[in-house]
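The values are calculated or read from the model by the stated rules, or taken from the named source; none is laboratory data. Quick caveat: nothing in here was measured; it's all calculated off a predicted structure. Please note: Cβ atoms are built from the backbone with ideal geometry, for glycine as well, and neighbour counts cover all protein chains shown.
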Amino acid sequence: MNRRGLLFALAACGSAASVHAVRPTRRAADVLERVDLEAQIPRSFGGWNVDPAMVPVLPDPSVQEKLDKIYTQLIARTYVDPNGRRVMFTIAYGADQATDATSVHRPEFCYSTQGFAVKGAGISQIQLDSKTLKVQRLIATMGARSEPITYWITLNNDSILPGLERKLTQIKLGILGTIPDGMLVRVSSVDPSIKDPFEFQEKFLKALEREIEPSMRSRYFGT
C-alpha cells in the first residue's frame, strides 16, 4: 500500500472509531420523567371538556402504519369551551428521536397527505406561566375549510422547532451518548366565528399548562 493509501485507511479507521465512540446508548425515556399521555393530559380542565364527536385530522391508514413504528403513544382529542367553541389537540410521543427516520412527523406533511394546502403563518411566542414558548404556526385549507395550526416539538426536556434546530439538538444529545425521546404537540381550530384563532389556541394552551403536574411541564412545554 502506498503512503497516500495508508493515510486514507488510517483516517477511515479513525472516523469509524469516532462514530462508534459517540453512538448513543442511554435512552432518555428510561431516565427522565415517564410520559403517559392518557394519564397526564386531563380530559377536563379550566372550563374545557373533551368532545368525543369530533376527531382531529389523522394520517390515512397507509401512512399511519409507518407512523405506528415511530410513535410510542398518541392522543387526538377535541376540546370544547363553555361557549361551544372547539380546539383540536394532538400529541404524538416517540421514545426514540435520535434520527430523522425515527423523528415525529411535522403537521405540514400530515395535512398535505390528507389533501390540504398548507402554508406557513410564521414563528411566534406564547407566554405561559412558567416560560416563553416558541411555536410554529400554519394555515391548512381544503375547499371552504380553513384550519389555523400551532405546534412545537420537544426533545427530552427541550422545546424546539423542526429543521436545523432539531438536527443540532439531535447531534448534541448523540455526542453526549443519549437517545432522546420527544413529542409533537399540535393544536388547531376551524370555527370561523373565532376572531383571532391563534389567540384562542394560546388561551387553551395556557389553561392546559396550569393543569399539568409541575414536575412534568418541561416534558410537554420544555424548560
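At-a-glance table
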quantity: Enumeration of residues in segment 154-205 that are among the hydrophobic types (A, V, I, L, M, F, W, C) and touching a helix residue (DSSP H, G or I) at 6+ places or on another chain (Cβ under 6 Å); calculated: Leu155, Ile160, Val187, Ile194
quantity: In segment 58-97, residue modelled with the lowest pLDDT [restricted to those that are touching a helix residue (DSSP H, G or I) at 6+ places or on another chain (Cβ under 6 Å) and either of a type in the set (A, V, I, L, M, F, W, C) or assigned to a helix (DSSP H, G or I) (or both)]; calculated: Val63
quantity: Residue match in segment 149-166 (condition: in contact (Cβ under 8 Å) with a residue 24 or more places away in the chain and over 14 Å from the mean Cα position of the chain (by Cα)); calculated: no
quantity: Residue list for segment 89-148, restricted to those being touching a Lys or Arg at 6+ places or on another chain (Cβ under 9 Å), hydroxyl-bearing (Ser, Thr, Tyr) and farther than 25 Å from Ile179 by Cα; calculated: Ser124, Ser130, Thr141
quantity: Some residue of segment 185-207 being of a type in the set (Asp, Glu) and under 16 Å from the mean Cα position of the chain (by Cα); calculated: no
quantity: Residue match in segment 172-189 (condition: β-branched (Val, Ile, Thr), more than 18 Å from Met88 (Cα to Cα) and crowded, with 20+ Cβ neighbours inside 10 Å); calculated: yes
quantity: Strands (runs of 3 or more DSSP E) (entirely within segment 110-223) containing at least 1 residues that are within 19 Å of Asp96 (Cβ to Cβ) and aliphatic (A, V, I, L, M); calculated: 145-155, 158-160, 182-188
quantity: Residues of segment 98-129 classified as closer than 28 Å to Gly174 by Cβ, among the small types (Gly, Ala, Ser) and modelled with pLDDT of 85 or more, total; calculated: 0
quantity: Selection count where residues are of a type outside the set (S, T, N, Q) and in contact (Cβ under 8 Å) with a residue 40 or more places away in the chain, scope segment 101-129; calculated: 11
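Table: residues versus (1) of a type in the set (Ser, Thr, Tyr); (2) surrounded by 20 or more Cβ atoms within 10 Å (Cβ to Cβ); (3) on the phi < 0 side of the Ramachandran plot; (4) in contact with a strand residue (DSSP E or B) (Cβ under 6 Å, 6 or more places away or on another chain).
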position: Ala121; (1), (2), (3), (4): no, no, yes, yes
position: Ser124; (1), (2), (3), (4): yes, no, yes, yes
position: Asp129; (1), (2), (3), (4): no, no, yes, no
position: Arg137; (1), (2), (3), (4): no, no, yes, yes
position: Glu147; (1), (2), (3), (4): no, yes, yes, yes
position: Ile153; (1), (2), (3), (4): no, yes, yes, yes
position: Asn157; (1), (2), (3), (4): no, no, yes, no
